[in-house]
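Take this structure first; my questions come after.
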Amino acid sequence: MNKLPKYKIFGIAIVGAFLPCVLLVLISMMFYGSQFPIVKYYYLQASFAHKTGDLSDALYNYNEVIRRDKNYINGYISRGSLFLDQKKYKQAIDDYSHALQLQPQNEEAYAYRGRAFYEIKNNKAALEDYNLSLQINPNFAYAYTQRALLKYTQLHDFQGACEDLNRAAELGDSDAKAHLENKVCEFD
């Protein structure tokens, strides 16, 4: 029985490992455009930098994502969240609004924009956005939690806030559960 030399086995292993990756990249380029792998690369770099607190690197990479693909909705939503973290609420609202122009049925963009409106005390717009988010996805716990915060702190609708907190907690939101454990919904 003939044995393959070790270098041939190594070569087969390399081809077997990298060929599927190359095919995936080529297929993604066919469906999403030639910039897609580069856009994803910058997006992953930005997400990592954002999570680790390197906000200037995150902003640079989110800007690259958007520069290379003006229709990549996650670039706008994520950069909006970065601006929200930096308390640049007008810029966050602009990015979330742009995301909604690209995809009007995006519950995340509505809920996050609602949070930015809340921060600048535009309660009417915040409530509208939370409601739109929940119309699109009635199981979006984050929107319930944020709407509860608005109702509790700004609108003084304590019963409505507690209903939203309970719903968010049922859906698994840890922030809502923490608020309920702190007995914010127990009134004398």
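The values are calculated or read from the model by the stated rules, or taken from the named source; none is laboratory data. Predicted model only: the values in this text are computed from it and were never measured. Every residue, glycine among them, receives a Cβ derived from its backbone with ideal geometry; neighbour counts consider all protein chains shown. For the accessible areas, the whole protein counts, side chains as well, though only heavy atoms, and no ligand, DNA or RNA atoms are used. Shrake-Rupley method; radii C 1.70, N 1.55, O 1.52, S 1.80 Å.
Which one of these is in contact with a helix residue (DSSP H, G or I) (Cβ under 6 Å, 6 or more places away or on another chain) and farther than 30 Å from Leu44 by Cβ: Ile73, Ile93, Ile77, Ile120?
The unique qualifying residue is Ile120.
Could you list, in sequence order, the residues of region 127-145 that are part of a helix (DSSP H, G or I) and either of a type in the set (Asp, Glu) or under 18 Å from Cys162 (Cα atoms) (or both)?
Leu127, Glu128, Asp129, Tyr130, Asn131, Leu134, Ala141, Tyr142, Ala143, Tyr144, Thr145
Moving on. Among the candidates Tyr60, Tyr110, Tyr89, single out the residue that is crowded, with 22+ Cβ neighbours inside 10 Å and either touching a strand residue (DSSP E or B) at 6+ places or on another chain (Cβ under 6 Å) or not charged (D, E, K, R) (or both).
Tyr110
Which residue out of Asp129, Asp173, Asp157 is open to solvent by less than 40 Å² (accessible area, probe 1.4 Å) and touching a Lys or Arg at 6+ places or on another chain (Cβ under 7 Å)?
None of the others qualify; the one that does is Asp129.
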